[in-house]
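Just below is one structure, and these are the notes that go with it.
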Amino acid sequence: MINDNLSSVAKSIVAKHKGVLAADESSPTIKKRFDTINVTSTEESRRRYREILFSTEGIENYIGGVILFDETLRQATQDGTPFAELLSSRGMVPGIKVDKGAKPLALFPEEKITEGLDGLRERLTEYRQLGARFAKWRAVIEINEHDIPTRFSIRANAHGLARYAALCQELDIVPIVEPEVLMDGAHSIERCEVVTSMVIEEVFAELDAQRVQFEGMLLKPNMIIPGMKCVRQESAQRIAEATIRCMTRYVPAAVPGIVFLSGGQSAEDATEHLNAINILGPHPWQVSFSYGRALQAPVLAAWKGQESNVDAAQKTFLKRCQLNGIAREGKYVRAMETAN
Ligand code: 13P
């Protein structure tokens, strides 16, 4: 029996033109982002920044879901409306990051395992009461040109992702399953494709073994892209072809949507790559975005912590959301970046 509620929430997040805003930076991560614009990270500055994002008019046409951090799910607008309520009243599904971060994997130097399964059922129960209808768990897969990741680290991370996803579905929460093969390093696009393929194949084997319903989840993978230090960078066309080859082979058609992470790509590249991937469609799943940095970096640069810049920051944000909405249809061109 398919859980209709889970699949309808998943589908609404990736409805036409729509994707996900990842605004779930933990307190240490948002501090790093604020440091780049000389803003002190306090509970109030974090609240105000998120309020600017969530209250931007028009984004509801392009944003189907917003991932929040624990603190943000408990915060409210200036006039006291809880953020989860604000988002749902505007047609955007509130979600929550539930992992506790990637830690060193014991006896596997340089590799990571994501923590956070202990007590997860209880935390999910509370988050649902606070309004969250979907969740996110990020597994971090380190990569080099030779021997990393190991088979075991892939297996351990896939197992954790499936444990998390099963708990979510038990509690009527849509899991976003995020195995991220990092962009750091000098590896080629071919190496990224081999590693990502192994990872996604293993993730779906674990999800299936643990009885997770593919219809009631979303996959959040990296695109197939060369490492940032690779001497041979690739065209959007090549990135799109490799990405779709990998996804077509390893992502079941029952999954309603693939929402790519941006992972350190510039805002423009992330949009262009999503566009190129959609040009190759139609695909069996909706192909969309779940961007953090690629949606927010231009907004932070426009805001700089100044109230007088709020209008400009919201305009910048709406434009990025719009352009990614257009990229979902394969109709984006770079010239749109400079057009009003
Ligand atoms: P980026 O798009 O900045 O990679 O963030 C997405 C995310 O949610 C990472 O977990």
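Every read-out reported here was derived from the displayed coordinates using simple, explicitly stated rules and does not represent laboratory data. These figures come from a predicted structure and were not determined experimentally. Cβ: placed from backbone, ideal geometry, glycine included. Neighbour counts: every protein chain shown.
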Taking 0.36 nm per residue of separation between residue 248 and residue 331 and subtracting their Cα-Cα distance, the length gained on full extension comes to 27.7 nm
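Using DSSP, restrict attention to beta bridges with both residues in the chain and report what percent are antiparallel, rounded to the nearest 5.
Details: 4 of 34 bridges.
If we restrict to bridges inside the chain, about 10 percent are antiparallel.
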Of the candidates 56, 106, 42, the farthest towards the positive dipole end of segment 36-174 (Lys/Arg Cβ +1, Asp/Glu Cβ -1, centred on the Cα centre) is 106
Take 153, 8 and order them by how many other Cβ atoms sit within 10 Å, fewest up front. 8, 153
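Over all distinct Cα pairs, what is the inverse of the mean 1/r for the chain, reported as the Kirkwood hydrodynamic radius in Å?
Working: mean 1/r = 0.0500 Å⁻¹.
Taking the inverse mean of 1/r over all distinct Cα pairs, the chain comes out at 20.0 Å.
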Note down the nm distance, to one decimal, between modelled labels 7 Å out along Cα→Cβ at residue 78 and at residue 90. 1.4
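Charges only on Cβ, +1 for Lys and Arg, -1 for Asp and Glu: so what's the dipole of the chain about the Cα centre, in debye to the nearest 20? Don't jump to the answer; show the numbers that get you there.
Working: 41 positive and 44 negative charges, 84 e Å.
For the chain, the charge dipole is close to 400 debye.
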Charge dipole magnitude, Cβ of K and R +1, D and E -1 - segment 30-131, Cα centre, debye nearest 20: 120
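How long is the gain from residue 338 to residue 5 if the chain were fully straight, where each residue apart is worth 0.36 nm and the alpha carbon distance is subtracted?
Working: separation 333, 0.36 × 333 = 119.88 nm, distance 4.09 nm.
Extra length available between residue 338 and residue 5 comes to 115.8 nm.
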Enumerate the amide H contacts of residue 96 below 5 Å, restricted to partners 5 or more residues apart or on another chain; note that Pro and chain-start residues carry no placed amide H. 68, 134, 135, 136
Say each of residue 35 and residue 70 gets a label point 7 Å from the Cα, pointing the same way as Cα to Cβ; how far apart are those two points in nm? 2.2
Enumerate the lysines that residue 16 could reach by cross-link, defined here as Cα to Cα under 30 Å, with residues fewer than 8 away along the same chain left out. 97, 136, 220, 315, 319, 331
Summing -39500 (n - 2.57) over the DSSP H runs of n ≥ 4 in the chain and dividing by its residue number, what mean residue ellipticity at 222 nm do you reach, to the nearest 500 deg cm²/dmol? -14000 deg cm²/dmol
Spin-label point model (7 Å from Cα, Cβ direction): what's the residue 228 to residue 188 distance in nm? 2.3
Ranked from highest to lowest mean number of other Cβ atoms within 10 Å per residue, what is the order of the peptides 135-147, 299-311? 135-147, 299-311
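Which order do 291, 332, 250 fall in if you start with the one that has the fewest other Cβ atoms within 10 Å? Before the final figure, lay out each step's value.
On the way: 291 26, 332 23, 250 19.
Ordered by Cβ neighbours within 10 Å, fewest first: 250, 332, 291.
Based on the Cβ-Cβ distance from residue 268 to residue 147, what FRET efficiency comes out when R0 is 35 Å, to the nearest 0.05?
Working: r = 34 Å, r/R0 = 0.97.
Efficiency for this residue pair is about 0.55.
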Over all Cα pairs of segment 41-139, how is the pair count split among 10 Å bins, expressed in % and running from 0 up to the last occupied bin? 14, 40, 29, 13, 3, 0
Can you pull the three principal axis extents for the Cα set of segment 150-288, in Å, largest first? 44, 34, 24
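Excluding residue 252 itself, what net charge comes from residues whose Cβ is under 10 Å from its Cβ, given Lys and Arg +1 and Asp and Glu -1? Spell out each step's value before the answer.
Working: positive: none; negative: 208, 215.
Result for the neighbourhood of residue 252: -2.
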Centroid-to-centroid separation of segment 152-199 and segment 30-86 [C-alpha atoms, Å]: 27
Place a +1 charge on the Cβ of each Lys and Arg in segment 165-208 and a -1 charge on the Cβ of each Asp and Glu, then give the dipole magnitude about the Cα centre in debye, rounded to the nearest 20. 140
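What is the sum of charges around residue 278, taking Lys and Arg as +1, Asp and Glu as -1, for the other residues whose C-beta is under 10 Å from the C-beta of residue 278?
Around residue 278, the surrounding residues sum to +1.
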